[in-house]
Amino acid sequence: QAQLVESGGGLVQAGGSLRLSCGASGSILNFNAMGWYRQAPGKQRELVAVIGRGGSKNYADSVKGRFTISRDIAKNSVYLEMNSLKPEDTAVYYCNAKRTGTYSDYWGQGTQVTVSS
């Protein structure tokens, strides 16, 4: 059982940057992995970036070199720094926490990111 809250979304111009934050109700080390997903209107939810409990990181091909996932364990927080934003990045971004042992997933409420052209 966990609560996740995203923040930092907004409207930016193409080529701009934005930093999303995800705050957890407890230590993020309680989870095997923390990640960011996004869902655009009429499209399936897709994985954007993941950080494992040990600090390993993985990114979707579409955001490699532009997005960076990071964490602050003391603040129970995970971040997504988005640079060189494109209109195709427009979506609702969701924070996710996973416990492998119980196959449990926890989701935040989502934060809207809109990139204008």
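Table for the structure above
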{"read-out": "Subset of the stretch 42-101 that is of a type in the set (A, V, I, L, M, F, W, C) and open to solvent by 50 Å² or more (accessible area, probe 1.4 Å) - its residue that is nearest to residue 12 (Cα to Cα)", "value": "47"}
{"read-out": "So residue 38, is it touching a Ser or Thr at 6+ places or on another chain (Cβ under 8 Å), assigned to a strand (DSSP E or B) and not hydrophobic (A, V, I, L, M, F, W, C)", "value": "no"}
{"read-out": "Residues that are within 18 Å of residue 51 (Cβ to Cβ) and in a loop (DSSP other than H, G, I, E, B), drawn from the stretch 2-24", "value": "2, 8"}
{"read-out": "Selection within the stretch 55-104 - part of a strand (DSSP E or B), of a type in the set (Gly, Ala, Ser) and in contact with a helix residue (DSSP H, G or I) (Cβ under 8 Å, 6 or more places away or on another chain)", "value": "77, 97"}
{"read-out": "Condition check for residue 50: outside any loop (DSSP other than H, G, I, E, B) and more than 16 Å from the chain's Cα centre (by Cα)", "value": "no"}
{"read-out": "Cross-chain or 6+ apart pairs with Cβ under 7 Å, the stretch 72-86 first and at positive phi, then open to solvent by 80 Å² or more (accessible area, probe 1.4 Å) and not in a strand (DSSP E or B)", "value": "none"}
{"read-out": "Test: residue in the stretch 4-24 that is open to solvent by 20 Å² or more (accessible area, probe 1.4 Å) and modelled with pLDDT under 95", "value": "no"}
{"read-out": "Selection from the stretch 107-117 of residues that are in a strand (DSSP E or B) and surrounded by fewer than 18 Cβ atoms within 10 Å (Cβ to Cβ)", "value": "107, 112, 114, 116"}
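The values are calculated or read from the model by the stated rules, or taken from the named source; none is laboratory data. Every value quoted in this text rests on a predicted model; they were computed, and no experiment measured them. Quick reminder, even Gly has a Cβ in these numbers, built from the backbone with ideal geometry, and neighbours come from all protein chains shown. Just so you know, the surface numbers come from the protein's heavy atoms only, side chains and all, with ligands and any DNA or RNA stripped out. Shrake-Rupley method; radii C 1.70, N 1.55, O 1.52, S 1.80 Å.
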